[in-house]
1. Calculate the length of the line joining the C-alpha centroid of the range B:142-167 to that of the range B:272-290, in whole Å.
2. Given 4 °C and 1.567 mPa s, compute D for the range A:171-503 with the Stokes-Einstein relation, Rh being the Kirkwood radius over Cα pairs; round to the nearest whole µm²/s.
3. Using unit Cβ charges (K, R positive; D, E negative) and no other charged atoms, how large, in debye to the nearest 20, is the dipole of the range B:1-137 about its Cα centre?
4. If you filter the range A:403-494 for trypsin sites (Lys or Arg not before Pro), then keep DSSP loop positions with at most 15 other Cβ within 10 Å, what is left?
5. Given just the C-alpha atoms of the range B:5-128, how large is their convex hull per residue in cubic angstrom?
6. Quick one: label points 7 angstrom along Cα→Cβ at B:Glu146, distances to the other copies in nm, smallest first?
7. Just name one of A:Gly483, A:Val334, A:Val189: the one whose Cα is farthest towards the positive end of the charge dipole of chain A (beta-carbon charges, Lys/Arg +1, Asp/Glu -1).
8. Please go through the range B:59-101 and write out the GluC sites (Glu not before Pro) that DSSP classes as loop and that have at most 10 other C-beta atoms within 10 Å.
2 protein chains.
Amino acid sequence: MAIGAEQAYANLVERSQRIALLGSSAGVLHWDMETYMPSGGAPHRARQVSLISGMTHEMFTAPEMGEWLSTVERSPLVADRESDAAVNVRELRREYDRSVKVPKALVEELSRVTALAHNVWREARRRSDFQAFQPTLERIVELKREQADAIGTGPTRYDALLDGYEPGMTVAEMRRVFDALTAELSPFVERIVASGRTPDRTILRRDYPAEGQAVLGRIVAENIGFDLTSGRIDTSAHPFTISFGPGDTRLTTRYAVHDVGSSLFSVLHEGGHGMYDQGLEPEHYGTPRGEPVSLGIHESQSRMWENFVGRSRSFWEYALPIARGIFPGALSGVSMDAIYWAVNDVRPSFIRVEADEATYNLHVLLRFDLEQRIIGGDLATTDIPAAWNERFAQLLHTTPPDDARGCLQDVHWSGGSFGYFPTYTLGNLYAAQFFAQAQQDLGDLDGMLRRGQFRPLLDWLREKIHRQGMRYRAGDLVRRVTGRPLDHRPLMEHLRTKLSPLYGV
Amino acid sequence: MAIGAEQAYANLVERSQRIALLGSSAGVLHWDMETYMPSGGAPHRARQVSLISGMTHEMFTAPEMGEWLSTVERSPLVADRESDAAVNVRELRREYDRSVKVPKALVEELSRVTALAHNVWREARRRSDFQAFQPTLERIVELKREQADAIGTGPTRYDALLDGYEPGMTVAEMRRVFDALTAELSPFVERIVASGRTPDRTILRRDYPAEGQAVLGRIVAENIGFDLTSGRIDTSAHPFTISFGPGDTRLTTRYAVHDVGSSLFSVLHEGGHGMYDQGLEPEHYGTPRGEPVSLGIHESQSRMWENFVGRSRSFWEYALPIARGIFPGALSGVSMDAIYWAVNDVRPSFIRVEADEATYNLHVLLRFDLEQRIIGGDLATTDIPAAWNERFAQLLHTTPPDDARGCLQDVHWSGGSFGYFPTYTLGNLYAAQFFAQAQQDLGDLDGMLRRGQFRPLLDWLREKIHRQGMRYRAGDLVRRVTGRPLDHRPLMEHLRTKLSPLYGV
């Protein structure tokens, strides 16, 4: 019996919320897996998340979902394309069409294999032993190829995966953006390196006890606006952010005694992600209208707080006195000029998440190139370390000393997240565009940051981006907020303005 | 179309395992709720666990479950009543018959309300404000009455709840056991108090930094046999143990700087629970054959390690040198005699989980009495504090100074666990019977404990109890292992042997 459009829409919303609720339960299992789970718990955990993945997939791809979608699509409920209903139906349709093509068994197997892979990767990285990870990686790559073939959108396999993280983005467009960016960025980085100038890099490598880093991270996270009554900061092998739903957003970081920047910038970064999630509208939880636009837009929030705020001179005028209070030994006598340059130390380095703002995008480009070859079937997993090091040398003119600082460094592949990396550079580009617009809209943003007044910027982001949920796709959102389409120039402008005076280039 | 018994049994097992897997995912959510969840996450968490409770209830009570059960029950598969199949069918039938009577909406509502209640209770206890908890408790009691009425087994409402934790146990039998026990225990405790003798109670109340307590707890937990590669120890408001499945068993404790016993004995206690779970047969996970017999038998394991081992002189000959190494200031010059008596200090006290072995059972009796009146409808929740204090004065001749140390102290009611408390005294009784038998079977058990050799006792428990899963009901298991039915005398014998020399009674 056919039902009316209103009822069909109500059913869609209810199903979507139920799936989100169950999926977010698996989110807690994932968070625990990367923070507290004992190693012996891995096999059982893999079975748990696999079961839930299969259940949510089944709930999402049930035939009635397709019928409800069709009913609402033919109704006046979606006439206003910016209405909540139209947004929800548009995005559920997209996700439904992608999901129905993927067999449940594949979803379960991917979930099970990647859950088990986490510990394998962590252990392999610890021992810098790629061989220990390769068979697992091989299996994941097989499954990801299978998944991409099943989805089958776009001219290449990699298109199908990329589109899963950044709806509407294509490999060709991504390539175009990377080409435009690196055409300017690579010579710029080379001029910086050739300048021979370097800051005193030892400043950030003194004794910074982990307890003090945790205190500093907490203070900064709270001051920029991350709500710790609705969130936590824990430690994990690879920093990440996960939200279970309204009122519960978790960040992780990691502490190295001789590297205060590692934890501080990861807290700023994850804090940016976390504040986006905390700014989504709770009444739309579980429907696209209450979800983030894309990973690229998500990353624009983390990058903005990490780099555009956290590596600015203004931020350090606020932060240095606080940091000095916590680490009087390490930071007494360290000048503003010295710390500002130290946190903007541009040089080829091995670890992506600790790379400077400029070279960071070359790390991403490397992964974008390799992933296409791996998923496309042109690069065997056994050949990854050599290919990594070769491409690394081309882009950054140096070679990783071991695989732990090379192809084993990132958690992503162990989780099956192929196609995810390019969204990091998209995030940098979006962040540059948004930040330039915020400066224009807010007046003396630098003065605010200097005084530790982060609220105006956060409120601006809340209104322009967070509260919108998925109302607009990423490209449209950028155009609406900044008046311009995706463009590499604001990022280059930002890097030149900041780095040219420091390096005299 | 009818299916054969073999297929029906396979379906039952698969469904049971699936339910266990999904239910254990909710277990992770519960663990997180009591350990790490930020307060803002409570409403969303309540929705998550409520959804999963409803789903597992639906999976368990689906009509095909009843059909599969009937098919197997009429088949030769259950001819051998001790076979895995017979055990699984017997216990699934019992649980099915109980579950189908309870509407799904009630299951979901109970789950949602009790998940939300946890923070309300914790906050009320912190402020010793019963009024802040009373409306929540009222709602829980209403729901528990409704649940008990729906199940409707046994002559009283409370029978239905008690039977949920201790299959086969009745209020009448429990009353008989309590009467026999207290007839001997109460005068014995009174003689001890009247002796006027007391150990130096300050020994355990010196400065014991939490970090040192955590180290001691870890060492002891590992030495007695709790596998930390398949488990963890965290902190929570109320110590508890939860197992998600094979390879992942979590204990919690809590640290008070001036009370080293609180954390140490809770680690021994929860460690006993945890080792039971770790000793279940993983290949039977998710079916009754791989599950604990009852809460009473579970408690016999925790009580054995906490009291029969942990408060023995032999144990302290092993533990004191270790503790002295960690707390040289607090423990230097403390003799074996002094510490042994201090950990066997018998006196009326307010907090059940910190009560001595003898008075502990009076704390349980109080709850057994009150719960029957609450669930029966004879005691309004508003009158609980007064009723608590009155009964406390009758049994222990003193009155709690506030509700935090009175009726608010336990987590159980906030979780809806009415009928649970009596299993604690059952655990003490079972533990006494098991321990006496282990002493007989193992020879010089005291010598082993003195040398820190806990493995023989653990192996004995593994073979006699843990690996059996639910093969036998509690009463049968006790008879099989000890040759005698449930009996209060071994516990009184244990208490007299230990305490009479200390107090000269």
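Just so you know, all these numbers are worked out from the coordinates, no wet-lab data involved. No experiment lies behind these values; they were computed from the predicted model shown. Please note: Cβ atoms are built from the backbone with ideal geometry, for glycine as well, and neighbour counts cover all protein chains shown.
1. If you average the Cα positions of each part, the centres end up 26 Å apart.
2. Details: Rh = 20.4 Å.
The estimated diffusion coefficient comes to 64 µm²/s.
3. Values: 17 positive and 18 negative charges, 124 e Å.
Taking the Cα centre of the range B:1-137 as origin, the dipole is about 600 debye.
4. Numbers: sites: A:Arg405, A:Arg450, A:Arg451, A:Arg462, A:Lys464, A:Arg467, A:Arg471, A:Arg473, A:Arg479, A:Arg480; in loops: A:Arg451, A:Arg471, A:Arg473.
Here the trypsin sites (Lys or Arg not before Pro) that fit, given the DSSP loop and packing criteria, are A:Arg451.
5. Values: hull volume 14.5 nm³, N = 124.
For the range B:5-128, the hull spanned by Cα atoms encloses 117 Å³ per residue.
6. Those label-point separations list as 4.5 nm.
7. After comparing all options, I get A:Val334.
8. Working: sites: B:Glu64, B:Glu67, B:Glu73, B:Glu82, B:Glu91, B:Glu95; in loops: B:Glu82.
Counting only loop positions with at most 10 other Cβ atoms within 10 Å, the GluC sites (Glu not before Pro) in the range B:59-101 are B:Glu82.
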